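Trainee: Here's a structure for you.
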């Protein structure tokens with residue numbers, strides 16, 4: 001099993017568990033991570049793609065390798081830390097603490 005499946009499986013399992021526990025912080029964070037991983041596999045839109053009216057066409061996604069997944073998680077953690085620093089600077093320690101808890105959860109998936 002590659003890293004993508006391992007992390008995705010863990011995230012999906014943990015999402016269900018945290019939803020049952022009504023842990024909003026974890027649920028929001030895990031949903032964000034799943035979306036970020038999905039977005040990393042999106043192919044860029046090109047001019048050769050014709051718009052469709054009244055239907056949705058799926059475009060095959062790129063495979064995201066181990067380095068790509070690590071990069072996504074590291075980027076998410078860095079964004080959360082950057083936002084936490086900003087909140088600290090404006091005196092919102094409570095919000096900074098919440099963001100750092102989310103960052104810690106993201107980093108736990110890199111272990």
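The values are calculated or read from the model by the stated rules, or taken from the named source; none is laboratory data. Model, not experiment: these values are computed from the prediction. Don't worry about glycine lacking a Cβ; one is built from the backbone with ideal geometry, like all the others, and counts go over all protein chains shown.
Trainee: Only one of 45, 63 is modelled with pLDDT under 95, assigned to a loop (DSSP other than H, G, I, E, B) and under 20 Å from the mean Cα position of the chain (by Cα). Can you tell me which?
Mentor: Working: 45 fails: under 20 Å from the mean Cα position of the chain (by Cα).
Residue meeting the stated conditions: 63.
Trainee: If you don't mind, another one. If you scan segment 17-27, which residues turn out to be surrounded by 12 or more Cβ atoms within 10 Å (Cβ to Cβ) and either under 14 Å from residue 68 (Cβ atoms) or out of contact with any helix residue (DSSP H, G or I) (no Cβ under 7 Å at 6 or more places or on another chain) (or both)?
Mentor: 17, 23
Trainee: Mind checking which pairs have a first residue in segment 73-101 that is on the phi > 0 side of the Ramachandran plot and free of Cβ contacts under 8 Å to residues at least 24 places away in the same chain and a second that is exposed (fewer than 15 other Cβ atoms within 10 Å of the Cβ) and assigned to a helix (DSSP H, G or I), Cβ under 8 Å, 6 or more apart or different chains?
Mentor: none
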